[in-house]
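Heads up: the structure comes next, in structure tokens.
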Amino acid sequence: MLDKMKNSSMMFWSVEVLIVVAIIWVCTKIGFMFKPLGIFASTIFIPILVAGILFYILNPLVDLLTKVKISQHKKISRTWAVAIIFLLFIGLIALAAVFFVPKVITQFATMINNFPAFIDTVQKWANKTISDLNTQSFLKTINFSALTDKFSKNITSWTTGIFSSLTNGLGGFVSTAAGVVINAITIPVVLFYMLKDGYKLGPTIEKAIPEKHRKQTMDLLNKMNRTISKYIGGQLIECLFVGTFTSIGYFIIGLPYALLLGVFAGFFNIIPYLGPYIGIAPALIVSFSNGGALLAIYNIIVVIIVQQIDGNLVYPNVIGKSLEIHPLTIIIILLAAGNIAGLMGMILAVPLYAVVKVVIIHMYNISQLE
């Protein structure tokens, strides 16, 4: 009887499950031992993430520059190529810091100062609209006054909460500024070595893999690399396109803070499907408070035109069907990721899902061949 139990698969898996549960339980009791690891991981996460994104953006330029011949038998070395791209990139940032960033900051500061007035104007417009509805005989049975009061209270409490958060957050300004300075120093160093020695990573991994699984593993890593590269490059082009042409459209219709609102729309366009709705929200508030419903309609028309061009021309060509993820799946992923990890989760969820999908499909294809 004991021999049968020892040899049974049920016994084996029961013991395995008990061991896993025991390990998890022990880890929950000694969580303090893992706290330093969590602090370390959270500290290096942002520099490595930002440097990794910039690596995928700049590495194709470095590879292209290393193919340029400076003489008949000599090409630009990778170190010099990285140095040249670095100098051009820093020069681009410097130009943006001189000509672009001050205007955005000025518009942001002005808009923050005028934000209570914006909310008040929108609230008055809503009250007037609801008051007009109350005069309609077929709508008299609906208590619009109660809805108005509730709307006003919600807007007021929301605005108060925002400014309260800003005020309370001033205490952490010094630590945040210190973190920004540290990241500003760390990210270029990490990025430099990624660009300089990143090409060595593939061959190093290939040597460490047993020859039996070497080809399959390298094929998987190459697919993952192409997926990430195409997604990051495509999203950069998309965000620049949406931000630029939304700003131009806002200038044309005479919307205040056009540059800032365009940057806002371009940044949030990185979130598929939901991003445009988030990006248009502050623009609609500014539209209602400065030009009423007509300017808001023009605002919506600008966004629809830009999004249609982006969705039908830009997105299919720069990203295409490389992700092959259904829109409903993306929305579910975004909702779950936003609830778990906030804005950062919504930004990273789709590419992470795409990479996991590549891994699963690759493993499935291998299992079918065996």
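Readers should treat all values here as calculations from the given coordinates under stated rules, not as data from a laboratory. Model, not experiment: these values are computed from the prediction. Here Cβ is always computed from backbone atoms with ideal geometry, including for glycine, and neighbour counts include all displayed protein chains.
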Quiz item: Going by how many other Cβ atoms sit within 10 Å of their own, how do 271, 248, 48 line up, fewest first?
Solution: 248, 48, 271
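Going by the alpha-carbon gyration tensor, a ≥ b ≥ c the square roots of its eigenvalues, is region 209-370 rounded (a/c under 1.5) or, if a/c is not under 1.5, prolate (a/b greater than b/c) versus oblate?
prolate
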Self-check item: Among 267, 240, 356 - extreme Cα towards positive end, dipole of region 209-370, charges at beta-carbon
Solution: 356
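Where does each of 363, 218 land when they are ranked from fewest to most other beta-carbon atoms within 10 angstrom?
363, 218
Would you mind ranking 73, 362, 213 so that the residue whose beta carbon has the fewest other beta carbons within 10 Å leads the list?
73, 213, 362
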Exercise. Return a whole-number percent for the relative contact order of region 209-370, with Cα pairs under 8 Å and 6 or more residues apart as the contact set.
Key: 25
